[in-house]
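A short worksheet on the structure shown next.
Each value in this text was obtained by applying a stated rule to the coordinates, not by laboratory testing. Since we're looking at a predicted model, the values are computed, not measured. Backbone-built Cβ (ideal geometry, glycine too); neighbour counts: all protein chains shown.
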Amino acid sequence: MKIRHLELPSGTTDGIPLLIDANLSTEQAVAVFELIDDLREQIVRYYAPQIQEYYRRNRVTNGHPTDAEQDGEPF
């Protein structure tokens, strides 16, 4: 199923849409937000070097090399 109306940070456009109840209480929304924040923190603690390397290798700069790439610098 295509997800055309959503612009997700991951860029995902194909999959199963996740529906969030529009009637969540503020407390419920905060609990979900904190859970996601904690999950992200734990992933970063364990995988930070691999994530940084992944983004360094796969970074898209509109087809143009960055200034550092032009100068031959690694970053």
- Message: Cβ neighbours within 10 Å, averaged per peptide: list 9-17, 34-42 in order, most packed at the top.
- Response: 34-42, 9-17
- Glu41 versus Arg57, label points 7 Å from Cα toward the beta carbon: distance in nm? 3.0
- Task: Convert each backbone phi in the range 18-34 into a coupling constant with the Karplus relation 6.51 cos²θ - 1.76 cosθ + 1.60 (shift: θ = phi - 60°), then list the ³J(HN,Hα) values in order as whole Hz, x for Gly and Pro.
- Result: 9, 9, 10, 4, 5, 9, 4, 6, 4, 4, 5, 4, 5, 4, 5, 4, 5
- Semi-axes a, b, c in Å (a largest) for the range 20-60, each sqrt of 5 times a Cα gyration tensor eigenvalue, come to 31, 13, 5
- Distance between modelled label sites at Ile16 and Glu34, nm, 7 Å Cα→Cβ extension: 2.8
